[in-house]
Amino acid sequence: MADDVTVPPGVAKARAALKDVPHEPGAPKQDPILVADSVVRRFGGLTAVSVDHIEIQRGAITALIGPNGAGKTTFFNLLTGFDRPDEGDWKFNGKPLAGVAAHKVAKQGMVRTFQLTKALSRLTVIDNMRLGGTGQKGESFWKALIPGIWKKQEQEITERADELLARFKLDAKREDFAGSLSGGQRKLLEMARALMVQPDMVMLDEPMAGVNPALTQSLLGHVKSLREDGMTVLFVEHDMDMVRDISDWVIVMGQGKVIAEGTPDTVMADPRVIDAYLGSHHDGTEHDAAEVAAEVPGADAPSSSSVDAAPSSAEGAKSEGGKTDE
Ligand SMILES: Nc1ncnc2c1ncn2[C@@H]1O[C@H](COP(=O)(O)OP(=O)(O)OP(=O)(O)O)[C@@H](O)[C@H]1O
Ligand SMILES: [Mg+2]
């Protein structure tokens, strides 16, 4: 994107913060909201995640890409408390989060959505939203016993839910069962619900998977608006057009490790990245890398592309354990 006056302030700020960051795995950031060290997760003999060091720039949109099975969802699960690592430490807003349960992670301001949406289909849209808003503000047993406080909080939650439904254009669906929504609407609902906790950082696992093209632009717009609102976004995506369109920074995982980092253009032209997607077949010459680049969707062409858009539902279901995110 050209650096001209039409660049929105959130974009300009994020790009400026990342301007001098070296394009290398584990690169230090100017103002990281999340810093993780030596995070390892093994499943039997398989090391699904082995991340030495990673930093996520505050206020930026960072894409986490990599081939199927690279460990992206597992890494999300670990960071957000839905799974436990064999080793590793990480800090969010300067506070250690390793070993902290998912609902407490959300209270600290880090929320995620799922590769397979977890909207509760037998609840209405508004009830899904309200559920996303419970557990806030030190909600306690005692508070629950004092009707006045409870009622006020409930009212605030409903107001916030209605505001978000309007923002995501789901207000007309307020009383519908979540199960009756289209795939794209469910993704929107999940994003809206994640915002109920007023997070600092939103983690989206394949927000575009299964979304009807008619809703794509609106979803992209919503993700970008999170950055303009000062939030940090980390998202997993296979659609390279989307990655190129909205990310300030891209981190690439391969076989559990961070193998490359940089701006979208540099990363997608990086032979290590192309190798990871194609299974390390080229012999390392410039000539071959260029040839391979031409074959990787999105590596150098603005064509409509998806490196591998298979929803990989088996892995998703496996590693996400069918939980809801409250
Ligand atoms: N609960 C689990 N038990 C055993 N193996 C698992 C489990 N969860 C994930 N794996 C394995 O760990 C590896 C990483 O999986 P993960 O789902 O994190 O990859 P991913 O990068 O999200 O892939 P995709 O792009 O297909 O969603 C894969 O080999 C997967 O089969
Ligand atoms: Mg995944």
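So for 29, 152, fewest C-beta neighbours within 10 Å to most, what's the order?
On the way: 29 20, 152 11.
Ordered by Cβ neighbours within 10 Å, fewest first: 152, 29.
By the count of neighbouring beta-carbon atoms within 10 Å, fewest first, 78, 219 end up ordered 219, 78. Overall shape: oblate for the range 151-227, with the ratio a/c of the largest to smallest alpha carbon gyration tensor axis at 1.5 or above and b/c at least equal to a/b. Going from the fewest other Cβ atoms within 10 Å to the most, the residues 84, 193 appear in the order 84, 193. For the pair residue 175 and residue 38, label points projected 7 Å from Cα toward Cβ lie 5.8 nm apart.
For the range 203-245, the share of alpha carbon pairs falling in successive 5 Å distance bins from zero is 6, 21, 35, 28, 9, 2 percent. Of all the C-alpha pairs in the range 45-85, what % are more than 17 Å from each other? For the range 45-85, the share of Cα pairs beyond 17 Å comes to 37 percent. Using alpha-carbon positions, what is the distance between the centroids of the range 74-105 and the range 255-271, in Å? The two parts, judged by their Cα centres, are 24 Å apart.
Compared with the direct C-alpha span, the chain from residue 68 to residue 152 gains 25.7 nm at full extension, assuming 0.36 nm per residue. The modelled label-to-label distance between residue 86 and residue 101, using points 7 Å beyond Cα along the C-beta direction, is 2.6 nm.
Each reported figure results from applying straightforward, stated rules to the coordinates on display, with no laboratory input. On a predicted model such as this, the values are computed, not experimentally measured, just so you know. Note that each Cβ is placed from the backbone with ideal geometry, even for glycine, and that neighbours are counted across all protein chains shown.
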